[in-house]
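What follows is one structure encoded as structure tokens, with my remarks underneath.
Values in this text are rule-based calculations from the coordinates and carry no lab data. Bear in mind that the values here come from a model prediction, so they are computed numbers and not experimental data. Note that we place each Cβ from the backbone using ideal geometry, even for glycine, and neighbour counts take in every protein chain shown.
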Amino acid sequence: MTATRGTSVGAHRAILSSRVEVELVEHGGTKYAEIIWADVRVEKTRFFSSPQSSFQFGLLAHGRGYREAPHYHRAAHRQIDDLQQMFVVQRGVVDVELYSDERRLFRTIRLAAGDAIVLIHGIHAIHVIEDFQALSVKQGPFFGDEEDKVEVVADRNA
């Protein structure tokens, strides 16, 4: 079961030349992922995640000549109860497989250079279609695969 770029297993997505919204992936009322496709354009900086989300996901956009004032971000105690992962594909093609809490594959999303995804909930896996590299960001601290990663047996038949 393979999804072509811009489509996915288990869902249909219209192809738009210049999308301005994030694609939200939900299953059974639970948000599993947010995708910003490479062709999404915004005129000004826009975050798509809700302000309450433990991981903020958006696009920075400014016109020529924009200059931001020097600044820093205030330290604040935050309690994070979920571990999310985001990656931006730099080169290659990868299928991201999303599984329900019942460990059944419900969606395969094909990403290519410039596409970005934040994995919010649940079991996921990747299948590399073409040699692949991505910028990956997770919340820290990282305690190592032995502590942070739980491998499961899942049903790949959607």
Size of charge dipole - the stretch 8-148 - debye, nearest 20, with Cβ of Lys, Arg +1 and Asp, Glu -1, no other charges: 740 debye
Principal axis box of the stretch 8-148, alpha-carbon based, largest edge first, Å: 48, 40, 32
Extension reserve of the residue 155-residue 127 stretch, reckoned as 0.36 nm per residue once the Cα distance is removed: 8.6 nm
Residue 137-residue 71 FRET efficiency (beta carbon distance; Förster radius 22 Å; 0.05 resolution): 0.60
